[in-house]
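Report on one structure; see the data block that follows.
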Amino acid sequence: MNTDVIVVGAGPTGLMLACELALAGVRPRVLERRTAPQRDSRALSLHPRSVELMDQRGLLDRFLPLGRTVPGWHFAQLPTHLDFSVLDSRHAYSLFIAQAHTEALLAERARELGVEIERGYEVAGLRQDGDGVEVEVRGGDGRVETVRTGYVVGCDGGRSVVRQSAGIAFPGTDETFTGVLGDFAVTDPAALGAARARGVLVAPLEDGVVRLVYLDPERIRVPSGEPVTLEEFRDSLTRICGTDCGIAEPRWLSRFGNATRLAESYRAGRVLLAGDAAHIHFPAAGQGLNTGLQDAMNLGWKLAAVVNGWAPPGLLDSYDAERRPVGQSVTENTEVQTLLAELTLVPQYQRPATALRALFDELLDMPQVNRTLAARVSALGTAYPPAAPDADPLVGRRMPDIGLTAATSDATRVYELLPAGRYVLLDLAGDPDLGTAAGWGSRVTAVTVTGRDDHPDLGGVTEILVRPDGHIAWATRTTDIRARRAERHEALTAWAGTGTGAGTGT
């Protein structure tokens, strides 16, 4: 076996996955067909849950100086924005940061962890058997090398060769309309207000560059594969806004469509999918990159556990069970947003579509509605279904980043316990002996908490097992020490595999 895992694609998803694997002691081989990092940035934001993930891995201080925080986000470009600031997080904001920066920072972290990113290589095909996968890798000189590996993860985008070679279906809908974006070094600042008023998205980037994104009713049926010209961009802006906004010197022009597809499965044997290889959709509310990062965070520790030989039964299968429903939710809410935009561009539907948008905007002004959609778009509301029907209500949810005083750690809050990528066992009720966790010492960080912030969801909880991705694997409210130790032993075995040495739970 040449390598344990081949990650195909060095975009944000593939790089995040490579970091997670390397953190767990698995050195992946990362193959990227592009010969140089991507200069242009289709995505421009890290939403709250993705910001939390960077915090959990001790990386947030690298990201914050390169972006700016905004307290909310748009939904279908409606006037009333989603308010992230009311959500339960230390990072209840989006970080406006170019995708190129996100990729560069993740690549830097991957290299620190010993990961080599091999550029100029693409996968031509693959075959798998019960013991591994044979991957045909084509280099820049055109020669094809056959490499054998234990697992392959396709992070190679919407046209994923990995997905196609594995025979995973990609059902969904073809594009019905397209939008256009352009990054410009020169614009007329006085005209940008008029552009915003006419529904053009105006986003200031770095070095004075401004991004303009629009839907032109007369050009929405142009296929996404047709290149955008500066002349077309000027004509469309003039038609929509009455001015071309003084655009000149385009840095990047691109057309994008609303094709929406979701992989029939995120796993076929030893081949797995993440990011755009698993789900594509219209870039409504900026959810694509964020969903891919969260796929990688969910998959990385599970796949590493399998490679390292301690994964309990069904752990890797839980990746598809947990993340595919999230992908379905994202594709569905982007289709709703797309419909709200598309109908206003079709003459016979303009009047009812305008009324429908006004109704949605009125609903967004209701705190509970706004909070529900904000939790969904931010991914702070993501909760995974518990395996046991009698599990504590906390199981599957994000662990709150409460402040704490710990007898066995210098950490002052929960997320400071997660950078190593291990499970974290929090004793909130003062068990004088956490010895029953010793048998999982290399996989679990056990911490006795002597003081902590109050949190309404944690009332009565005596012990919590936090997964490497920050979700809650197990929680108990049992106060009897012997019973709690028995529950703990069962939970650790179910999630972290068979322990070695100490502890039977009694």
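List of remarks:
- Sub-8 Å Cβ pairs linking a first residue in segment 387-402 that is without any contact (Cβ under 8 Å) to a residue 60 or more places away in the chain to a second residue that is outside any loop (DSSP other than H, G, I, E, B), at least 6 apart or interchain, are Ile402/Arg413; Ile402/Val414; Ile402/Arg452; Ile402/Leu458, ordered by first then second residue.
- Boolean, Val449 is part of a strand (DSSP E or B), farther than 20 Å from Leu315 by Cβ and out of contact with any Phe, Trp or Tyr (no Cβ under 9 Å at 6 or more places or on another chain): yes
- Residues in segment 226-244 that are at pLDDT 95 or above, out of contact with any Gly (no Cβ under 9 Å at 6 or more places or on another chain) and in a loop (DSSP other than H, G, I, E, B): Glu226, Pro227, Thr229.
- Residue match in segment 302-309 (condition: over 14 Å from Leu273 (Cα atoms) and under 18 Å from the mean Cα position of the chain (by Cα)): no
- Options Val5, Val51: the member that is at pLDDT 95 or above, under 30 Å from Glu335 (Cα atoms) and hydrophobic (A, V, I, L, M, F, W, C): Val51
- Residue tally, condition part of a helix (DSSP H, G or I) and over 19 Å from Trp73 (Cβ atoms), over segment 278-314: 13
- Taken over segment 10-62, the criterion of being of a type outside the set (Gly, Ala, Ser), within 14 Å of Ile117 (Cα to Cα) and outside any loop (DSSP other than H, G, I, E, B) is satisfied by Pro12, Thr13, Leu15, Met16, Leu17, Cys19, Leu21, Arg29, Val30, Leu31, Glu32.
- Reported count of residues in segment 417-446, each being surrounded by fewer than 18 Cβ atoms within 10 Å (Cβ to Cβ), over 22 Å from Ile481 (Cα atoms) and without any contact (Cβ under 8 Å) to a residue 60 or more places away in the chain, is 1.
- Among the residues listed as Ala24, Ala18, Ala10, Ala76, the single one being among the aliphatic types (A, V, I, L, M) and either modelled with pLDDT under 95 or surrounded by fewer than 17 Cβ atoms within 10 Å (Cβ to Cβ) (or both): Ala76
- The residue that is nearest to the chain's Cα centre (by Cα), counting only those in segment 448-469 that are buried (at least 22 other Cβ atoms within 10 Å of the Cβ) and free of Cβ contacts under 8 Å to residues at least 60 places away in the same chain, is Leu465.
- Identification of strands (runs of 3 or more DSSP E) wholly contained in segment 63-165 with 1 or more residues that are over 29 Å from Asp40 (Cβ atoms) and in contact (Cβ under 8 Å) with a residue 24 or more places away in the chain yields 122-128, 133-138, 144-154.
- Checked against the criterion of being touching a helix residue (DSSP H, G or I) at 6+ places or on another chain (Cβ under 6 Å) and at pLDDT below 95, the candidates Ala110, Ala43 yield just one match: Ala43.
The values are calculated or read from the model by the stated rules, or taken from the named source; none is laboratory data. Owing to the predicted nature of the structure, the values given are computational and were not obtained by experimental measurement. Glycine also receives a Cβ, built like all others from the backbone with ideal geometry; neighbour counts cover every protein chain displayed.
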